[in-house]
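Taking it in order: structure first as structure tokens, then the write-up.
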């Protein structure tokens, strides 16, 4: 940020994984952070983890269901009332859904859960942030959407997740365009194999496009967090539209 005041971020999915790593990174570098997630105890754990990296009062934990419009609005209201304004939304909450289920056997409820969390949740949070950015003074703010390598190429039996991540790219582009008159910047980070609970199965082997099962390399989630912070620290006159951060040797480029 190019401001002397303390910038304020809302991080969804902050109870674990990439969300927690990003919250810690932002706090270490002078941000205040509203931590959002489904489980209050995980958010409190994140707050304890970050306690040594933040000034007093720099964190706010808000149990949030991103699929519920009222819950999302309560999150942004709480963040605004606590910190006065919001400068960044890291739109990170998501779920992979059922793995290893053939497309023809995928239950509609499972499809709907992934779409509601990954896409509808991202929409609701982005809309709440957009409204806040337009109304505050000085006007503006930044949204960073968590895309995925799956925004570019699918894994086997991953239709719900892949569809939502492709849709995230469209949401990012639309927000970038619609936000221009209001100093609202929007970018997307596409992440490949950050070492989190969601990617533990990479260590034991995961189905590949050729039908084989293979162990895949991972990278430290802190490497993702540093990239998010770099995107967040830019002045609103500059934007990283898309960034791809991945484990160097994961099977994505070429034949893997």
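The values are calculated or read from the model by the stated rules, or taken from the named source; none is laboratory data. A quick note: this is a predicted structure, and the numbers were derived from the prediction, not measured. Here the Cβ is made from the backbone with ideal geometry for all residues, glycine too, and neighbour counts use every protein chain on show.
When you scan the stretch 195-218, how many residues do you find that are on the phi < 0 side of the Ramachandran plot and either modelled with pLDDT of 95 or more or in a loop (DSSP other than H, G, I, E, B) (or both)?
From the stretch 195-218, those on the phi < 0 side of the Ramachandran plot are 195-204, 206-210, 212-218; that's our starting set.
Then drop every residue that is not either modelled with pLDDT of 95 or more or in a loop (DSSP other than H, G, I, E, B) (or both), which leaves 195-196, 204, 208-210, 212, 215-218.
Residues meeting the conditions: 11.
Hand me the list of helices (runs of 4 or more DSSP H) wholly inside the stretch 1-111 holding 1 or more residues that are at pLDDT 95 or above and within 26 Å of residue 235 (Cα to Cα). Can you show your working first?
Working: elements: 17-28, 40-50, 69-83.
It comes to 17-28, 69-83.
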Practice item. Please specify each residue of the stretch 67-84 satisfying the condition of being over 25 Å from residue 169 (Cβ atoms) and surrounded by 23 or more Cβ atoms within 10 Å (Cβ to Cβ). Key: 79
Practice item. Please find, within the stretch 212-247, the residue that is surrounded by the most Cβ atoms within 10 Å (Cβ to Cβ) out of those that are more than 22 Å from residue 145 (Cα to Cα) and in contact (Cβ under 8 Å) with a residue 24 or more places away in the chain. Key: 216
**Study point:** When residues of the stretch 85-106 are limited to those that are in contact with a strand residue (DSSP E or B) (Cβ under 6 Å, 6 or more places away or on another chain) and under 22 Å from residue 16 (Cβ atoms), the one surrounded by the fewest Cβ atoms within 10 Å (Cβ to Cβ)
**Key:** 93
Study note, to complete from the structure: How many residues of the stretch 16-30 are without any contact (Cβ under 8 Å) to a residue 60 or more places away in the chain and surrounded by fewer than 24 Cβ atoms within 10 Å (Cβ to Cβ)? The answer is 2
Practice item. Specify which of the listed residues (244, 172) is at pLDDT 95 or above and closer than 23 Å to residue 128 by Cβ. Key: 172
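If you scan the stretch 130-157, which residues turn out to be assigned to a loop (DSSP other than H, G, I, E, B) and crowded, with 23+ Cβ neighbours inside 10 Å?
Quick first cut of the stretch 130-157, residues assigned to a loop (DSSP other than H, G, I, E, B) only: 136-140, 147-148, 152-157.
The answer is 147, 148.
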**Study point:** Verdict on residue 208 being surrounded by 14 or more Cβ atoms within 10 Å (Cβ to Cβ), farther than 21 Å from residue 90 by Cβ and in contact with a strand residue (DSSP E or B) (Cβ under 6 Å, 6 or more places away or on another chain)
**Key:** yes
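Name the residue that is nearest to the chain's Cα centre (by Cα), counting only residues in the stretch 172-194 that are in a helix (DSSP H, G or I) and crowded, with 21+ Cβ neighbours inside 10 Å.
Going through the stretch 172-194, the residues in a helix (DSSP H, G or I) turn out to be 172-178, 180-182.
If we keep only those that are crowded, with 21+ Cβ neighbours inside 10 Å as well, we get 172, 175.
Details: 172: 12, 175: 15 Å.
Here the answer is 172.
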Exercise for review: State whether one or more residues within the stretch 112-125 are within 13 Å of residue 88 (Cα to Cα), touching a strand residue (DSSP E or B) at 6+ places or on another chain (Cβ under 9 Å) and at pLDDT 95 or above.
Suggested key: yes
